[in-house]
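Colleague: So that we are looking at the same thing, I have put the structure below in structure tokens.
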Amino acid sequence: MKFRKLSFQKKIYLSCITINLIFLSVCSALFYHYTTKTLKQNMHDTVSSSTSTLSKNFDALLSNADNVLKELQTTPSLLSESKRITQSPSNYFPAHVPASTVFQNAFRNVLLSQDFNGSLIYVSNYYDNVGVSSTKTGVHNYVQKEKLKEQKVLSQLLEDIKYIEYILPHRDFWGQNETVVSVVRAMRDTYQHYGILELDLNISMLTDLLNDYENPESYSITLLDEDKKLVYTNALNMDKAAFYAAFQTATDKNTEIFSPDDLQLSCYVESPLTGWTFILSTSAAGYLQSINRLLLMTMAIFLALFAVISIFLYLVTKQLTKPLKQLTTQLNHLKPGRNIKISEISSDNEITMLTNAVQAFLAEIYDQNQRLTEERKRTLEAHYDALESQLNPHFLYNTLSVIGMTGLSDGNTTVSTMCSELASLLRYSLSHTGQSVLLEQEIAKASSYLYIMKMRYEEDLTYEWDLDSSLNSIPVPKLILQPLLENCFQHGFQQTEQEILPPWIIKIRSSHDEDYWYLSVSNNGADFKEEKLHLLYQRIRQFNLPDYNANNSSDLILRQGYGLENTILRLNIYYHGKEFFQVSKPDSGWTAITIGGPLKPMELFTRNYI
């Protein structure tokens, strides 16, 4: 109720502000959603790219270590010393300093040249061992054979290794108490192996892979074995159960990105070299900060735009009322038609007053159109009746001529029958003025006409009926079939240019499809002349109901003929231009004229069906 009492300007202003508020809210929500989705996708892409890069670097490091072991494996001096080792209860190398020196020098050169952080050890088939470390001392303590035999992993390697093995992070076998990743190759020639070469890389190398990142402390690396079991992580305070459950969910959904918790984002890659699963995890704190900044920025933009648009709408609505008031003042000085009374058009709202005035003008225009339409209807009805009445003298003249000739030639009771048929035709012609008739009635009266013509021409004339009884109750204009029959005699059988010899045959057929009914009259007389057919179509096109002008209707009637043209024009009026008319030659030597109309025609003017 309070809103209704507001001024027009305030109503417009508040409505526009409401629409503006809804529009800006929707746009801001879409912008925030899209940008958030983009930031999240960018973060996913970054983590995925970083994981792939680090995994490849890790594999490259292991592959480089394998290449180093390949070179040592084929070094003749090392292979020669390996072959000299025999089974004994004590370690071979402390007692054979030259052999120990050969291995240590070769190992030390490799560690220094490749800058490996770790140890390089040789273990014979009998657990004899020698090695060096990348520490400052570079000394690798000899380990007693009995202690090495207790290392199940090492024992299995000595028994089963063929070429290369990669060992996940584990405690080293040499008592250094360090976590290492090992690359192991067999020391062998073509026929047999003589122990293993093991390169232990300190687990700190995984952290070193992150040194190129801006905040390496924000990342952590986790490794899973071939069976997807967690074997190593450098993440502090990790909830391993929750982490592994999130990983399992990601693998089930076939997605490489997963979130163990709200503050962490992880991505995994399976190494094609080792079969291990490499997982890189990063803190989502930066992403959350970006989201918060985005939210604040979106709100600031929303408020700024809302303020600017609100001021703009206020100025626009204020200026809008000025021309409306001027237009209202001008309406008071207009001199409208008799249906408008300015004194009755009053309102506190300029738009309401303007609307009422325009509606009053439209009402007057509508009334004038109604009057014009009524006048046009009456003109068309008069034209319709005039076209019908033109048939009667023409038909009466022809019929009387036929009866006279028949009576003079026969002098029998046939004349009485013909007079009876004529009386029926005259009653039919003079009745139902301005009304429709049933197609059944039209066909019955046409049969009377054909009977008279049969009496006139006797054996020279034959006619056939092929009627669809379902069309008997179709309402049609009166006297539409008889002109088609007359056309057979005037233009088909009785041409002045050429002699048409009997027998003369007329076929009358009625039919229908889904939308139209059809009445066809065909004869075996002369063809319909092309120039007359062209003239007929031209005059029918001239009489176009929507463009009909009552001012030249009398001239149009004078230029129309009788018979066929009259019939087509009446069908045009009756069906509002939806009539059917066609002249065709369905068979050789035959001419067919077909008329028709809609099965369910709209009501025309004020005429009623019988």
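Colleague: For residue 112 and residue 532, compute 0.36 nm times the residue count separating them, minus their Cα-Cα distance, and round to one decimal in nm.
Modeller: 139.7 nm
Colleague: Something else about it: Return the sequence-ordered ³J(HN,Hα) values of segment 442-451 in whole Hz as given by the Karplus equation 6.51 cos²θ - 1.76 cosθ + 1.60 applied to θ = phi - 60°, using x for Gly and Pro.
Modeller: 4, 5, 4, 6, 5, 5, 4, 4, 5, 4
Colleague: P(r) of segment 428-535 in 10 Å steps, Cα pairs, percent per bin?
Modeller: Result returned by the calculation: 13, 42, 33, 13, 0.
Colleague: Label points 7 Å out from Cα along the Cβ direction at residue 11 and residue 159: separation in nm?
Modeller: Result: 9.7 nm between the two label points.
Colleague: So how strong a dipole does segment 74-207 carry about its Cα centre when Lys and Arg Cβ are +1 and Asp and Glu Cβ are -1, to the nearest 20 debye?
Modeller: Roughly 180 debye, rounded to the nearest 20.
Colleague: Residues with amide H under 5 Å of residue 132's amide H, sequence separation 5 or more or different chain, H placed in the peptide plane at 1.01 Å from N; which?
Modeller: 120
Colleague: Subtracting the Cα-Cα distance from 0.36 nm times the residue separation, let me have the gained length for residue 24 to residue 44 in nm, one decimal. It would help to have the intermediate numbers written out before the result.
Modeller: On the way: separation 20, 0.36 × 20 = 7.20 nm, distance 2.96 nm.
In short, 4.2 nm is gained.
Colleague: For segment 74-207, compute Rg over Rh where Rg is the Cα radius of gyration and Rh is the Kirkwood radius from the inverse mean 1/r over Cα pairs.
Modeller: Result for segment 74-207 is an Rg/Rh of 0.93.
Every read-out reported here was derived from the displayed coordinates using simple, explicitly stated rules and does not represent laboratory data. Just so it is clear, the structure is predicted and the values come from calculations on it, not from any experiment. Every residue, glycine among them, receives a Cβ derived from its backbone with ideal geometry; neighbour counts consider all protein chains shown.
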